[in-house]
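J.: Here it is, the structure in full.
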Amino acid sequence: MQNFVFDLYGTLIDVRTDESDEGFRRDFSRYFERLTGIERDVWPLLSAFFENRGEEEADFVAEMTKTLDKFGKKREYAKKLAEYFRKRSVKRLALYDGARETLQKLKDKGAKLYVLSNAQAAFTLPELKGLGIYELFDGIELSSEFGFKKPCLKFFEYILAKYGLKREETAFVGNDIAADIVPAKKVGLKTAYIRTEISPAEDSAELAKNFADVAIDNDFEKLAEVLEAWI
């Protein structure tokens, strides 16, 4: 393997958010009105961001920009709203123990590292920089920018085509059997599953063995050993 594509949240990064918390919603609504001058309930305006759109992915900044355009407000407010939204809704954000070391070991062996994640660019890119792993990746592809999210097969095909990655030389690492492992196998990639605390409740390392080339239960030291052996 020469290329390793990683999911982010739940695989490398432990993140906990609560966008439904009433205190957060009141605080964000006040900030929205104070910043934009729009005296409206903000949450219906964000319905496209929160609604279930299947494999389609809405972009937070784009949705906010549409709202601002509608009311004749400054477009630059959209990024400020995204920054505030994420900052106030996150309860925990940290790399899993051993995650950075795993990436660095692969990098030191000459492997190319990529991200393919269901995530909002306005949230994720600053977080990757803040966590000190942004520079380790040779390419970062996020669903909010692509417009579709995993398990959409064309999202996987897109990263392979964009960077010219050969399937037989590329492995995918994720913590979700349905969203990560199954579609990655369908497009011909080698797969490694790691069970973490925020993996889907129905997942287990034992179950993942039926789908992935290797399945590991919350052990990044072992994951690093396996991935290094694949190079």
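J.: Work out the length of the dipole vector of segment 161-206 about its Cα centre, built from +1 on the beta-carbon of each Lys and Arg and -1 on the beta-carbon of each Asp and Glu, and round it to the nearest 20 debye.
T.: Working: 7 positive and 8 negative charges, 82 e Å.
I would put it at about 400 debye.
J.: Relative to 2.2 N^0.38 Å, what does the C-alpha radius of gyration of the chain come to as a ratio? Two decimals please.
T.: Details: Rg = 18.7 Å, N = 231, 2.2 N^0.38 = 17.4 Å.
Here the Cα radius of gyration is 1.07 times the empirical estimate.
J.: Filter the GluC sites (Glu not before Pro) in segment 126-218 down to the DSSP loop ones having no more than 14 other Cβ atoms within 10 Å, then list what survives. Don't jump to the answer; show the numbers that get you there.
T.: Numbers: sites: 127, 135, 141, 145, 157, 168, 169, 197, 202, 206; in loops: 197, 202.
Loop-located and lightly packed - 197, 202.
J.: Something else about it: From the gyration tensor of the Cα coordinates in segment 17-91, what semi-axes in whole Å does the equivalent ellipsoid have, largest first, with each one equal to sqrt(5λ)?
T.: Numbers: eigenvalues 64, 54, 24 Å².
Each semi-axis is the square root of five times an eigenvalue, giving 18, 16, 11 Å.
J.: Over 30 Å between Cα atoms, which of 166/209; 185/222; 112/149; 70/162 qualify?
T.: On the way: 166/209 24 Å; 185/222 21 Å; 112/149 22 Å; 70/162 35 Å.
The answer is 70/162.
J.: What percent antiparallel are the DSSP beta bridges of the chain, to the nearest 5? Walk me through the numbers before you get to the answer.
T.: Values: 6 of 27 bridges.
Around 20 percent of the beta bridges assigned by DSSP in the chain are antiparallel ones.
J.: For the pair residue 197 and residue 169, how long in nm is the line joining their label points, each one 7 Å along Cα→Cβ?
T.: Inter-label distance under the simple model: 3.9 nm.
J.: Determine, from the Cβ-Cβ distance of residue 29 and residue 70 and an R0 of 22 Å, the FRET efficiency 1/(1 + (r/R0)^6), rounded to the nearest 0.05.
T.: On the way: r = 17 Å, r/R0 = 0.79.
Calculated transfer efficiency: 0.80.
J.: Something else now. Compute the relative contact order of segment 17-91 as a whole-number percentage, counting only Cα pairs closer than 8 Å that sit 6 or more residues apart in sequence. It would help to have the intermediate numbers written out before the result.
T.: On the way: 53 pairs, mean separation 28.4, N = 75.
Relative contact order here is 38 percent.
J.: In segment 7-94, what chymotrypsin sites (Phe, Trp or Tyr not before Pro) fall in a loop by DSSP, with at most 16 other Cβ atoms inside 10 Å?
T.: Details: sites: 9, 24, 28, 31, 32, 49, 50, 60, 71, 77, 84, 85; in loops: 71.
Those satisfying the criteria are 71.
J.: Between segment 185-211 and segment 65-116, how far is it from one alpha carbon centroid to the other, in angstrom?
T.: Comparing the Cα centres of segment 185-211 and segment 65-116, I get a distance of 24 Å.
J.: Next up: Only loop residues by DSSP count here, and only those with at most 16 other Cβ atoms within 10 Å; note down the trypsin sites (Lys or Arg not before Pro) in segment 48-84 that meet that.
T.: Values: sites: 53, 66, 70, 73, 74, 75, 79, 80; in loops: 53, 73, 74, 75.
Those that pass, being in a loop and sparsely packed, are 53, 74, 75.
J.: Using only alpha carbon pairs under 8 Å that are at least six residues apart, calculate the relative contact order of the chain and give it in whole percent. Numbers along the way, then the final one.
T.: Numbers: 381 pairs, mean separation 58.3, N = 231.
The value is 25 percent.
J.: 222 nm [θ] for the chain, helices only, -39500 (n - 2.57) per DSSP H run of 4+, per residue, to 500? It would help to have the intermediate numbers written out before the result.
T.: Values: 12 runs with 102 residues, N = 231.
It lands at -12000 deg cm²/dmol.
Rule-based calculations on the coordinates, nothing more; no lab input. What you are looking at is a predicted structure, and each value in this text was computed from that prediction instead of being measured. In this analysis, Cβ positions are derived from the backbone assuming ideal geometry, glycine residues included, and neighbour counts consider all displayed protein chains.
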